[in-house]
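A quick write-up on the structure given underneath.
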Amino acid sequence: RGGMLANKDGVILMISSAAGGMPVPMMSLYNTSKFGLEGMTKVLAAELEGHGVRCNSISPGRVITDSFPQEWGMFDPKTVRQPEDIRECMMFLLTDPSVTGQYVHAGMWDFENGIRGDADSLAHLKNR
């Protein structure tokens with residue numbers, strides 16, 4: 001019983017976007033919300049440090065969902081992902097006790113850990 005603070009154990013995982021660190025023209029409201037989410041992640045991580053609760057954010061990358069269907073033609077086939085493709089990165093953030101206050105892009109994490117992807121598919125993140 002009790003919450004994360006009472007139990008001195010827990011993980012908060014925010015769903016963010018590369019737009020939380022670089023401007024995307026004509027998407028000011030979305031950008032603003034993601035910049036705010038990134039700030040909140042860092043502040044919560046600092047506030048909860050020492051209380052057994054960690055806070056991180058993940059950018060799933062370009063994922064086919066009902067909100068962004070593949071038919072819209074917005075996705076490069078090299079960068080598009082299915083929702084289940086972010087599983088490994090999410091599990092890392094949820095289970096590694098040494099990681100807190102971090103932004104992790106699932107595509108970059110997958111590439112760096114040899115799971116999937118290539119450097120070309122991550123070119124849009126170079127300004128992050």
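The values are calculated or read from the model by the stated rules, or taken from the named source; none is laboratory data. This one's a predicted model, so the numbers in the text were calculated from it and none came from an experiment. All Cβ positions, even for glycine, are placed from backbone atoms using ideal geometry, and neighbour counts span all protein chains on display. These area figures cover heavy atoms from the full protein model, side chains too; ligands, DNA and RNA do not enter into them. Shrake-Rupley method; radii C 1.70, N 1.55, O 1.52, S 1.80 Å.
Taking the range 99-116 on its own, how many of its residues are open to solvent by 60 Å² or more (accessible area, probe 1.4 Å) and assigned to a loop (DSSP other than H, G, I, E, B)?
The number of residues fulfilling the criteria is 5.
Scan L29, L48, L44, L37 and give me the residue that is under 24 Å from F111 (Cβ atoms) and modelled with pLDDT of 90 or more.
Checking each option against the conditions leaves just L37.
State which residue pairs qualify: first residue in a loop (DSSP other than H, G, I, E, B) and inside the range 1-27, second residue polar (S, T, N, Q) and open to solvent by 60 Å² or more (accessible area, probe 1.4 Å) in any location, beta carbons under 6 Å apart, and separation of 6 or more residues or different chains.
As it stands, the answer is M22/N127, since those pairs meet every condition given.
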